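S.K.: So that we are looking at the same thing, I have put the structure below in structure tokens.
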Amino acid sequence: MNQINRYIDSVFYHEDALLEEVISSIRENDMPSISVSPSSGKLLTLLISISGSKNVLEIGALGGYSGICLARGFGKEGKLTSLELEEEYAKLAHNNLSKAGFGNQVTYLTGPALESLKTLVGENKRFDFFFIDADKGNYETYLDYCIRLAEPGALIVADNTLARGSVADPGIEPKRYTDVMKKFNEAVAKHPQLESTLIPIGDGMTLSRVKK
Ligand code: SAM
């Protein structure tokens, strides 16, 4: 798994000064180093540009690394709504998105994502792309909210769904999120409103399309 990811990054990763600055800013602010991997970020950009998504919802902003990758996919014409628990993280993310030229296209809603999602449902908002990358224990609930907020045909991507490979390998010592991710993947796979697969890139990304 790590070997494959190292290979992918070594061939497909091109130096990216802006994203490297984001990583440095996260480190300088003593925030956790848990942004998506470069290859996962590239996949997000590609998925958004291929699907033509313009109205994106992200759950879990941290310092804005994935936010920039998402915004690069829609360019000048899209909008990102990003949910983040920590006010300080959202501020740094906004600062980094601004440096990347997307500051006016992103709205941060701070506080517990479950509260923000409830508000978005109440406001009858709709999105055509979702990226779930926050507290793993709430993934299934986040998925339900995403489906409620989805335009027909919307894409939903959830990160870390291989739990470092432990979901697939009984020999790997159980990790904190192994069972949560197994249960999440099974729920996604059998959900009647979704067509889904799991892409083994980075820490694994479960990709779903909401049926029309
Ligand atoms: N997507 C980011 C990236 O790749 O640049 C990384 C997100 S990081 C893995 C998870 C983020 O979710 C953290 O910034 C954390 O503060 C946030 N988070 C955790 N629990 C949350 C909650 N209940 N509501 C909203 N955000 C939450």
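S.K.: Do the conditions hold for GLU88, that is, is it touching a residue at least 40 places away in the same chain (Cβ under 8 Å), farther than 26 Å from ILE201 by Cα, within 12 Å of the ligand (Cβ to nearest atom) and not aliphatic (A, V, I, L, M)?
M.R.: When the stated conditions are applied, GLU88 passes them.
S.K.: Let me ask you something else. Among the residues that make up the range 73-84, is at least one of them touching a residue at least 60 places away in the same chain (Cβ under 8 Å) and outside any loop (DSSP other than H, G, I, E, B)?
M.R.: No, there is no match, as no residue in the range 73-84 is touching a residue at least 60 places away in the same chain (Cβ under 8 Å) and outside any loop (DSSP other than H, G, I, E, B).
S.K.: Out of the range 193-209, which residues are touching an Asp or Glu at 6+ places or on another chain (Cβ under 8 Å), under 14 Å from ALA150 (Cβ atoms) and either open to solvent by less than 50 Å² (accessible area, probe 1.4 Å) or not in a strand (DSSP E or B) (or both)?
M.R.: Across the range 193-209, the qualifying residue is only SER208.
S.K.: Sticking with this structure for a sec: Being of a type outside the set (S, T, N, Q), in contact (Cβ under 8 Å) with a residue 60 or more places away in the chain and assigned to a loop (DSSP other than H, G, I, E, B) is the filter here; which residues of the range 22-43 pass it?
M.R.: MET31, VAL36
S.K.: Give me the pairs, please: first residue somewhere in the range 157-172 and over 19 Å from TYR145 (Cα atoms), second residue anywhere and open to solvent by 50 Å² or more (accessible area, probe 1.4 Å) and within 13 Å of the ligand (Cβ to nearest atom), beta-carbon distance under 6 Å, and either six or more positions apart or on two chains.
M.R.: ALA163/TYR177
S.K.: What is the residue count in the range 123-140 for residues that are more than 26 Å from SER49 (Cα to Cα) and near the ligand (Cβ under 10 Å from one of its atoms)?
M.R.: Matching residues across the range 123-140 total 4.
S.K.: Taking the options LYS76, LYS54, name whichever one is open to solvent by 40 Å² or more (accessible area, probe 1.4 Å), away from the ligand (no atom under 13 Å from the Cβ) and either under 20 Å from ILE201 (Cβ atoms) or within 16 Å of the chain's Cα centre (by Cα) (or both).
M.R.: LYS54 is the lone residue from the list that is open to solvent by 40 Å² or more (accessible area, probe 1.4 Å), away from the ligand (no atom under 13 Å from the Cβ) and either under 20 Å from ILE201 (Cβ atoms) or within 16 Å of the chain's Cα centre (by Cα) (or both).
S.K.: Ok, one more. Which condition number in (1) more than 8 Å from the ligand (Cβ to nearest atom); (2) in contact with a Pro (Cβ under 7 Å, 6 or more places away or on another chain) is the one that SER39 fails?
M.R.: Here SER39 clears every test but (2).
S.K.: Another question, if that's okay. Go over the candidates LEU70, LEU19, LEU46 one by one and state the one that is part of a helix (DSSP H, G or I), under 23 Å from LEU117 (Cα atoms), of a type outside the set (Val, Ile, Thr) and more than 8 Å from the ligand (Cβ to nearest atom).
M.R.: Every option except LEU70 fails the conditions.
S.K.: Which residue is surrounded by the most Cβ atoms within 10 Å (Cβ to Cβ), if the candidates are limited to the range 131-183 and must be within 15 Å of PRO200 (Cβ to Cβ) and of a type in the set (S, T, N, Q)?
M.R.: For the range 131-183, the residue satisfying everything is THR161.
S.K.: If we keep just the residues of the range 91-122 that are near the ligand (Cβ under 8 Å from one of its atoms) and hydrophobic (A, V, I, L, M, F, W, C), which is surrounded by the most Cβ atoms within 10 Å (Cβ to Cβ)?
M.R.: So, considering only residues that are near the ligand (Cβ under 8 Å from one of its atoms) and hydrophobic (A, V, I, L, M, F, W, C), the one surrounded by the most Cβ atoms within 10 Å (Cβ to Cβ) is ALA93.
S.K.: Test each condition in (1) assigned to a loop (DSSP other than H, G, I, E, B); (2) at negative phi; (3) open to solvent by 70 Å² or more (accessible area, probe 1.4 Å) for GLU186 and report the one that comes out false.
M.R.: Tallying (1) assigned to a loop (DSSP other than H, G, I, E, B); (2) at negative phi; (3) open to solvent by 70 Å² or more (accessible area, probe 1.4 Å), GLU186 fails exactly one: (1).
Quick grid of which residues meet (1) out of contact with any Cys (no Cβ under 6 Å at 6 or more places or on another chain); (2) modelled with pLDDT of 95 or more; (3) over 26 Å from LEU155 (Cα atoms); (4) not hydrophobic (A, V, I, L, M, F, W, C):
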position: ASP9; (1), (2), (3), (4): yes, no, no, yes
position: VAL36; (1), (2), (3), (4): yes, yes, no, no
position: LYS42; (1), (2), (3), (4): yes, yes, no, yes
position: LEU46; (1), (2), (3), (4): yes, yes, no, no
position: GLY78; (1), (2), (3), (4): yes, yes, no, yes
position: LYS91; (1), (2), (3), (4): yes, yes, yes, yes
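The values are calculated or read from the model by the stated rules, or taken from the named source; none is laboratory data. Fair warning: this is a prediction, and the values are worked out from it, not measured in the lab. Heads up, the Cβs are rebuilt from the backbone with ideal geometry, glycines too, and the neighbour counts pull from every protein chain shown. Calculation scope for accessible area: heavy atoms of the full protein, side chains included, ligands and nucleic acids excluded. Shrake-Rupley method; radii C 1.70, N 1.55, O 1.52, S 1.80 Å.
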